[in-house]
Amino acid sequence: MSLAAPTHAASSDFLTANRLTYCGLLIVALSLPWVGNDYWALIATRAAIYWVLVSGLNLVVGYAGQLAIGYVALLTLGAYTTSVLTAGNVMPPVHPYIALMIAGLTGAFFGVFIGLPALRLRTFYFAMTTLGFATIVTQVALAWQSVTGGGIGITGPEFPAPFNSAWGFYAFCMGIAALCTWMTSNVAHSRHGRALVAIRDVEVAAESCGVYKPHALIKVFIIAGMLAGISGGLFASLQTYITPDAFTFELSVLFFISILIGGRGSIIGPLLGTIILTLLQEIAAPLAAWSNFLYAVLLLVIVLAMPGGIAALIDFKNKKALHSDRNLVLDVDLLGAFKPETKQSQPLDLKGIRLQFGALRAIDGLDFHVKSGEIHGLIGPNGSGKTTTLNVISGFYSPQFGQMVFDGQALPAGLPHLRAGLGIGRTYQTPKIVGEASVLDNVMLGGIASSDTHFIETVLTLPRAIAEEQKTRHDALQALRAVGLDKFASVRADRLQHSELRFLEIARALMGRPKLLMLDEPAAGLSVEEIKKLGELIKGVAKNGTAILLVEHHADFIFSICDYVTVLNLGKPLASDIPSVVRVHKEVVSAYLGA
Amino acid sequence: MKLSRREMLLAAASTVSAASMGLARPALAQTDPIKIGWLAALTGPSSAPAVGFNRGVVFAAEAINAAGGIKGRKIEIITRDTQGDPTKAVNATQEMISQLKVQAVWGPTNSGESLAVTPILARAKMPNLHPCVVDTLIDPVKFPTSYRIAPSNTQWDDAVRNYTLKILKAKKVAVLGDTTGYGVSAANASAAAIKKDGAEVVYLANIDATQPDMNPDMLRAKNAGAEAIVCWSVSTGMLARLFNTRAAMGWDVPFIGHPSMSSGEIGSLIEKPANWEKVYAVGYKSCSYDAAGKLPAHSQELVDRLKGKVDLKDTLLWWVAAGYDAINLFAKAIETSGSTESAAITGYLNSLKKFPGYFGTYTYSETEHNGYQTEEVVMSAASSARDGAFTLAPGYL
Amino acid sequence: MLATIIASGLATGAVYALVGITYNTMYATSRVMSFTAGQVGMLGGVLGSLYMIVWGLPLLLALPLVLASCALIGVITEYVAVRPVLKSLEQHLYVLSTLALSLMFQQVTAIEWGTEPRPFPKLFGLGTGISDEKFWIPVIACILTIIGLEYLYRYTLLGRAFVAVAEDNYAAQALGLPERNLRIASYALAGAIGGLAGFSGGELMLAFFANGAVLNFYGFVPVALGGLGNNKGAVIGGLALGLFQQAANFMVGGIFASVAVFALFIIVLLFVPQGFFGSATARRV
């Protein structure tokens, strides 16, 4: 792994900054009982309990980008579930530990329930649903007096010794908080975490890589709901007594802002955010009346001025200048590792495809096939249906007529998230990459379809999950080396140049060992030198047996590397033949290539 | 006053236990101020009472300090604004106990906060006076250091029910509450007690205070044949809408219930002054005008003292008086027992018999921490406010 | 009884519908749903009370002043919370920025105006019982707004420019339409409509800081029911919601009425995600 050395050094650099912060927090947490009084214990316990909720919510908000602003509802549910069960209002009293677990399950159930709209609808709708749910839960708690005690409330659970003293309970909550940090961090740094970030920033590309949004989201709704429920049980115990008016919208805003202050896509940032906001309430106690206003100002400032939050502030690695030598050095020999597993002589065959948007026929009767190892060019004027064809094959559009056959089997229309698994990879006209993630993480996203470890294995970092993660990382570094980007592996992807992003997208697509690779104008914006390298790369991929479907405007490039060219005009094929024939085809010349 | 042997032992025990927990209080010099914590919901919704209490608190502390303090020691009031949020109240209480090391706590002023805070105060053996009405807040066994300075909800409820059933002689009663914690529980308790007394509860409902239209509930109450409406809500907006709806329906049913029905804000929310007639709110003898328009002499003395210093126009006299009494009771306890120890203060309170406060006459014992006398709770005509006090409702005069 | 439900249902429904139109008007030119839509509604009531009761202005002076003030709030929304995040629309930062601004409006009102509801003046002093003006003023305001908007969109150059921007932002820009100015104008218009919602519903809802949060949710439900960007849908959805809510209030009582509304909201979202009158989701790729 000598080649990987610089990358490794860079990333351990970054880890040190994070590790130092974690160590500092641990020292503070351990020394607090020796220097502080009960008041400190209370505030620290409160911060730990809030973090239990925020750590889960962080996966929903910070990673998956789903704006759940009413999570106090799940805290309420957890608090009441635990209290009611230990008090024995509905059935014989339950042991606090068991009650806490049931609260976690209740939270998980309702976490999914209020998350359902997020699977299909715009972000704002989800925000509204969580907001509405927050109101309902409080009202039900008030109305259901026989169980919840109504407005009079109910005594919170007391955990048995040694967790019933101020510092004992502190230790209990700190333990759970540490566990949550570990578990959510496992998720965040796994393929699941990468999938969430991809859904947040480049949903379309995520689907093409094999991420199925509902599955990915439901998993984090479960875990976030569970942690919120447990946090509620602990909250009830800390408060000793709960009434509906303890669960204010302000608390919801606090959770939410902790994450944004911390920075999206980070664990340590929101952790610091939670601690800061919990302390801020105490320090700014004389300003209590303005606290909501201050939160709002804070939120606005973060969104407008520092969207990266604390995490971006302590991300020293990405403040360093990049390598000045940005020459891409390809290593096409490494491409052999990404050759498709099985080979069919003719992976893709389209027959009579027709796609209409209203009265407009975007594709009007298209037949063609791509052979294994063939570079098939698709050219035509703007609006002739080239990218639309790729989108039909990718499953983003469902054609009204026609058949698609892939790898000897009928390829169903739609279902874009299943394409990667079948062996269809692609790139986009405008590169769709996760700017905030590292280059390496972006490439590893391409390995999702071939992963098969269970979510639980990831949460607990069981051996299989570790092994799979290592393999994906290894493959991704290979892919980066093949396209010449390995020196940027640990750099934030949005720091790369546009041309480098095109190679990055190819590396990501290679991770799926595609039988068919579709490239959408990969040469656009590239220098002459870079185009030459691109050609080299594409040829190298094709040589391993991958069929290539290449959409391009750059005529010279097409004719120099393609084995076969199809020309589209107004959604119909105008000509389809080897380059030398197409080049002199009369209609093609007049319609597209020009005299 | 001599300390009994038992109280001495208690005091010693509490000192030892505090010391053993590593939280020994440094011995206070005799000139250090006496710290009293004041948990007040000074801002946010339902902050009006705390604002009123606060005027009495500040006035009492200034009066005591101007007279040389307690045995030469000044009183220092440490106020924390809880905004009525139980979470903030819990934090502030623990801060007062562990960090600021106060000698006694007055408040909180809302039941939701008080329910969360009282167990913490009990654990720290912190002497505590509060004006919250929820019955379960007072329990000399569970919360041996907490005392109530105002009537309990049952006492309010008794006054309202007695007036409704005995003086107004209503047989069919509608009970309304808002959807807050207090509204729901108070309405249910009230309805149960009315039934127990043999009258019929023909309609019982909780109304969302933000609901713009009160017609549905009022209509149903009317159709059910209600002869009186007992109402438990602190939402002035909702109460005013109820009164306006009653007028619009041309119905002359009386409203009896929560003191908020006499709040000054209702005056500006009702459509015409007549809508506020036949509304009777809980009031107190000490803060009510008799037929001649005069306050009881003792209360008049306070009003005279407050004149020019404390504004009574936009608050209620009983809030100011209760705030004054709370601080005064703590001061008397420390002065008489000569100690700021918890056991000394609670010992004094437990032996209190007919202490003549401005708001009421307080009597506590080891087993009874509800100090307010039920006969001092009366109904007053809601619209009769003048300088924070009300005229007694018809039937008492 | 039924008459009461209908009168109060239509009245509250009309207020919700107007807030729904506020959402839509903001959305049309910017593709942004703003949390300030409900707050301008709240401010319509609070400012109306401030101008008429505290300052003693007559209706003819107070109403234009309220509309102008709320239009200004709309413009502030555009400047502070919308424009800076437009370039990253797909990250949905607008949800956060408008939420922040909305909380700021609400808190300032709570502190400066008070947390108790304050009275809103009788505008004309007409009607009693179920023909009381508080029931029909919102309905008339709603009708006038729809007529006004129809006229604007159909017969004026400005209105047609709005429609053009709403339908295809890029094409409109390519045609040389001043897209940014049109967006500011539409936020001003939205603010005025929201202000009218609060002003016309003032007698019903009083001048109360917490109305903003209520209107944010109940004003959004018609948008979800009727389909995003569809004003007719918002009006029908709003009136239906008002009637449903009042009927539920009447039949099951306050607490369960809001549970019922929420349940309805979730069910509609799950089964008719684009609303009853909305168009299918736009192309994604």
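The values are calculated or read from the model by the stated rules, or taken from the named source; none is laboratory data. Small disclaimer: the values here were computed from a predicted structure and weren't measured. Here the Cβ positions follow ideal geometry from the backbone for every residue, glycine too, while neighbour counts run over all protein chains shown.
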| note | Of the residues in segment A:456-477 that are touching an Asp or Glu at 6+ places or on another chain (Cβ under 9 Å) and more than 26 Å from A:I222 (Cα to Cα), the one that is surrounded by the most Cβ atoms within 10 Å (Cβ to Cβ) is A:A476
| task | Check every one of the strands (runs of 3 or more DSSP E) wholly within segment A:308-386 and list those with 1 or more residues that are farther than 27 Å from A:M511 by Cβ and of a type in the set (K, R). | result | A:348-357, A:360-370
| query | From the set of residues in segment B:110-142 that are part of a loop (DSSP other than H, G, I, E, B) and closer than 26 Å to B:R73 by Cβ, which is nearest to the other protein chains (Cβ to nearest Cβ)? | reply | B:A124
| message | For A:V439, only one of the following conditions fails: (1) in contact with a Phe, Trp or Tyr (Cβ under 7 Å, 6 or more places away or on another chain); (2) modelled with pLDDT under 90; (3) hydrophobic (A, V, I, L, M, F, W, C). What is its number? | response | (2)
| task | Can you confirm whether segment A:219-229 contains a residue that is within 14 Å of another protein chain (Cβ to nearest Cβ), in contact (Cβ under 8 Å) with a residue 12 or more places away in the chain and part of a helix (DSSP H, G or I)? | result | no
| note | Restricted to segment C:2-27 and to residues being among the β-branched types (V, I, T) and within 14 Å of chain B (Cβ to nearest Cβ), the residue surrounded by the fewest Cβ atoms within 10 Å (Cβ to Cβ) is C:I6
| query | A:A127 fails exactly one of the following numbered conditions: (1) more than 7 Å from every other protein chain (Cβ to nearest Cβ); (2) part of a helix (DSSP H, G or I); (3) at pLDDT below 95. What is the number of that condition? | reply | (1)
| query | Are any of the residues in segment C:72-80 charged (D, E, K, R) and surrounded by 17 or more Cβ atoms within 10 Å (Cβ to Cβ)? | reply | yes
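Of the residues C:G229, C:G191, C:G242, which is within 25 Å of C:F105 (Cα to Cα) and either of a type in the set (D, E) or surrounded by 24 or more Cβ atoms within 10 Å (Cβ to Cβ) (or both)?
Values: C:G229 fails: either of a type in the set (D, E) or surrounded by 24 or more Cβ atoms within 10 Å (Cβ to Cβ) (or both); C:G242 fails: within 25 Å of C:F105 (Cα to Cα).
Only one candidate passes the filter, namely C:G191.
Output the residues belonging to segment A:134-177 that are away from every other protein chain (no Cβ under 14 Å) and more than 38 Å from the chain's Cα centre (by Cα).
A:P160, A:A161, A:P162, listed by residue number.
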| request: For residues that are at pLDDT 95 or above and of a type outside the set (A, V, I, L, M, F, W, C), tally how many sit in segment A:59-82. | output: 5
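Yes or no: segment B:79-102 includes at least one residue that is away from chain A (no Cβ under 14 Å) and either in a loop (DSSP other than H, G, I, E, B) or among the small types (G, A, S) (or both).
There is no residue in segment B:79-102 that is away from chain A (no Cβ under 14 Å) and either in a loop (DSSP other than H, G, I, E, B) or among the small types (G, A, S) (or both).
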| Does A:G175 satisfy being surrounded by 24 or more Cβ atoms within 10 Å (Cβ to Cβ) and more than 21 Å from A:V253 (Cβ to Cβ)? | no
| message | Can you report the number of residues in segment C:48-75 which are part of a helix (DSSP H, G or I), more than 16 Å from the chain's Cα centre (by Cα) and among the aliphatic types (A, V, I, L, M)? | response | 10
| task | Determine if segment A:421-436 includes at least one residue that is within 22 Å of A:K351 (Cβ to Cβ) and small (G, A, S). | result | yes
| Is it true that some residue in segment B:45-68 is at pLDDT 90 or above and not in a helix (DSSP H, G or I)? | yes
| task | Answer yes if at least one residue in segment A:329-339 is over 21 Å from A:P514 (Cβ atoms) and modelled with pLDDT under 85, and no otherwise. | result | yes
| request: Find the residue count for segment A:313-353, including only residues that are of a type outside the set (A, V, I, L, M, F, W, C), buried (at least 16 other Cβ atoms within 10 Å of the Cβ) and touching an Asp or Glu at 6+ places or on another chain (Cβ under 7 Å). | output: 3
| said: Going residue by residue through segment A:376-384, is there one that turns out to be without any contact (Cβ under 8 Å) to a residue 40 or more places away in the chain, in the same structural domain as A:L549 (by TED's automatic domain parsing) and among the hydroxyl-bearing types (S, T, Y)? | reply: no
| query | Does segment C:94-106 include one or more residues that are more than 21 Å from the chain's Cα centre (by Cα) and part of a helix (DSSP H, G or I)? | reply | no
| query | Looking at this structure, is A:I310 touching a Leu at 6+ places or on another chain (Cβ under 9 Å), buried (at least 18 other Cβ atoms within 10 Å of the Cβ) and not assigned by TED's automatic domain parsing to the domain that holds A:Y564? | reply | yes
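Quick check: anything in segment B:314-324 over 21 Å from the mean Cα position of the chain (by Cα) and either assigned to a loop (DSSP other than H, G, I, E, B) or not assigned by TED's automatic domain parsing to the domain that holds B:D208 (or both)?
Taking segment B:314-324 and keeping what is over 21 Å from the mean Cα position of the chain (by Cα), we get none.
Within segment B:314-324 (the criterion being over 21 Å from the mean Cα position of the chain (by Cα) and either assigned to a loop (DSSP other than H, G, I, E, B) or not assigned by TED's automatic domain parsing to the domain that holds B:D208 (or both)), the answer is no, since none of the residues qualifies.
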| query | Can you name the residue in segment C:147-183 that is hydrophobic (A, V, I, L, M, F, W, C) and surrounded by fewer than 17 Cβ atoms within 10 Å (Cβ to Cβ) and is also modelled with the highest pLDDT among such residues? | reply | C:I147
| request: Determine whether C:Q39 is within 13 Å of chain B (Cβ to nearest Cβ) and at pLDDT 90 or above. | output: no
| Of the residues A:A205, A:A224, A:A228, A:A177, which is farther than 18 Å from A:G78 by Cβ, among the small types (G, A, S) and out of contact with any Pro (no Cβ under 8 Å at 6 or more places or on another chain)? | A:A205
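Could you list, in sequence order, all residues of segment C:104-142 that are more than 14 Å from chain B (Cβ to nearest Cβ) and in contact (Cβ under 8 Å) with a residue 60 or more places away in the chain?
C:F105, C:I140, C:A141, C:C142 - these are the residues of segment C:104-142 that are more than 14 Å from chain B (Cβ to nearest Cβ) and in contact (Cβ under 8 Å) with a residue 60 or more places away in the chain.
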| query | Can you name the condition, by its number, that A:A236 falls short on among (1) within 14 Å of chain B (Cβ to nearest Cβ); (2) surrounded by fewer than 24 Cβ atoms within 10 Å (Cβ to Cβ)? | reply | (2)
| How many residues are outside any loop (DSSP other than H, G, I, E, B), within 17 Å of A:K572 (Cα to Cα) and within 33 Å of the chain's Cα centre (by Cα) when one looks only at segment A:387-402? | 7
| field | Conditions (1) outside the structural domain of A:L271 (by TED's automatic domain parsing); (2) in contact (Cβ under 8 Å) with a residue 24 or more places away in the chain; number of the one not met by A:L30 | value | (2)
